[in-house]
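The values are calculated or read from the model by the stated rules, or taken from the named source; none is laboratory data. Note that the coordinates shown come from a computational prediction; the quantities given were computed from them, not determined experimentally. Cβ atoms come from the backbone with ideal geometry, glycine included; neighbour counts cover every protein chain shown.
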Amino acid sequence: MRNFMKKTSFPIWALLAFWFLCLGVSAGSAEDSLPVDFPFQPGEKLIYKLSWGIFTAGEAELEVLPFTELNGERVWHFRMSARTTEFIDVFYKVRDRIDSFTDLALANSLLYNKKQREGSIKRDVVVRINQAARTALYSNRGEALEPIKIAAGTLDPLASLYYIRTRPLEENSEIVRPVTDGKKLVDGRARVVKRETVEIEGAEYNTFLVEPDLKDARGVFEKSSDSKLKLWITDDDRRLLVKMESKVVVGSFSATLVKVIRPDR
């Protein structure tokens with residue numbers, strides 16, 4: 001089992017970070033205005049159970065941290081972390097964390113950090129995004145690549161998730177946004193398929209089913225011709241991501257929301 005997971009690159013990270021170069025999140029152009037009231041505030045934490053087939057594989061968290069300052073500017077600070085269970089640790093231990101910093105309008109990413117510990121893989125990625133120069137500079141453990149050109153209103157993968165929560169969703173609409181991980185810039189696309197009621201942990205949610213376009217995806221998604229990813233976002237003013245499912249060459253994966261901590265509760 002250990003060798004199987006190494007060869008397939010067990011995609012706990014890919015599951016929660018599906019928008020990583022395969023999903024952008026805008027209901028229109030990058031210049032569209034944003035709603036005044038955001039559906040999230042600092043102090044919100046969403047906790048997910050990660051499953052691989054019948055196995056509970058781990059836990060993940062999405063968190064909105066207190067506002068902070070970056071280059072003298074007050075900014076959003078988002079964090080995503082993922083960890084495997086003790087059982088899965090024996091075969092493929094995962095301890096990942098992403099931090100994303102954006103302007104207060106959530107229109108532009110400014111800094112993106114990824115600390116990745118997956119089996120023998122160790123990466124400490126820093127992506128510095130210069131919106132004025134329209135460049136993104138990627139470095140891993142101090143070794144930098146050549147800067148890449150980006151478009152106006154470019155977001156990083158984690159900021160993309162929070163941006164989609166600020167937008168109204170409509171059935172049969174397409175979502176588009178420029179997204180970068182520092183190595184590549186893509187026009188991420190996703191389709192809002194339909195409204196759907198889902199039951200999770202005994203609770204019912206009215207949601208929109210959204211399916212990202214995986215043509216620019218990497219890893220396990222690109223290795224399967226019929227790979228698919230689905231996510232369910234609540235049809236209310238909270239815009240909670242309550243469920244994700246993927247079908248890839250190595251099997252079926254899911255993430256389900258098990259706990260919500262909000263500052264207004």
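Mind telling me which of the residues ASN172, ASN206 ends up being among the polar types (S, T, N, Q), at positive phi and touching a strand residue (DSSP E or B) at 6+ places or on another chain (Cβ under 9 Å)?
None of the others qualify; the one that does is ASN172.
Consider VAL126 carefully, then state whether it is of a type in the set (Val, Ile, Thr), surrounded by 15 or more Cβ atoms within 10 Å (Cβ to Cβ) and on the phi < 0 side of the Ramachandran plot.
Considered against the rule, which asks whether it is of a type in the set (Val, Ile, Thr), surrounded by 15 or more Cβ atoms within 10 Å (Cβ to Cβ) and on the phi < 0 side of the Ramachandran plot, VAL126 comes out as yes.
A quick yes/no check of all residues on (1) among the hydroxyl-bearing types (Ser, Thr, Tyr); (2) surrounded by fewer than 18 Cβ atoms within 10 Å (Cβ to Cβ); (3) under 26 Å from LEU104 (Cα atoms):
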residue: ASN172; (1), (2), (3): no, yes, no
residue: ASP181; (1), (2), (3): no, no, yes
residue: ASP187; (1), (2), (3): no, yes, yes
residue: ALA190; (1), (2), (3): no, no, yes
residue: LYS194; (1), (2), (3): no, yes, no
residue: ILE200; (1), (2), (3): no, yes, no
residue: TYR205; (1), (2), (3): yes, no, no
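Given the condition loosely packed, with under 14 Cβ neighbours inside 10 Å, over 20 Å from ALA159 (Cα atoms) and modelled with pLDDT of 75 or more, answer yes or no: does some residue in region 211-222 qualify?
No: zero hits.
Would you please list the contacts, defined by Cβ atoms under 8 Å and residues six or more apart or on different chains, that run from a residue in region 194-214 that is farther than 13 Å from ILE233 by Cβ to a residue that is not in a strand (DSSP E or B)?
Filtered contacts from region 194-214: ASP213/CYS22; ASP213/LEU23; LEU214/CYS22; LEU214/PHE221; LEU214/GLU222; LEU214/SER227.
Quick one: how many residues across region 179-198 are in a strand (DSSP E or B) and either in contact with a Cys (Cβ under 7 Å, 6 or more places away or on another chain) or within 23 Å of LYS115 (Cα to Cα) (or both)?
5
Residue by residue, here is whether (1) surrounded by 23 or more Cβ atoms within 10 Å (Cβ to Cβ); (2) among the small types (Gly, Ala, Ser); (3) at pLDDT 90 or above; (4) closer than 20 Å to ILE200 by Cβ holds:
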| residue | (1), (2), (3), (4) |
| --- | --- |
| LEU16 | yes, no, no, yes |
| PRO39 | no, no, yes, yes |
| LEU50 | yes, no, yes, yes |
| ILE54 | no, no, no, yes |
| GLY72 | no, yes, yes, no |
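Looking at region 160-177, I want the residues that are farther than 14 Å from TRP232 by Cα and have a partner that is hydroxyl-bearing (Ser, Thr, Tyr) with Cβ atoms under 6 Å, at least 6 apart or on another chain. Which pairs are those?
Matching pairs, first to second residue: VAL176/SER26; ARG177/SER26.
Got a sec? Which strands (runs of 3 or more DSSP E) wholly within region 53-134 have at least 1 residues that are farther than 20 Å from ILE150 by Cα and small (Gly, Ala, Ser)?
Working: elements: 55-70, 73-84, 95-102, 109-118, 121-130.
Hits in region 53-134: 55-70, 73-84.
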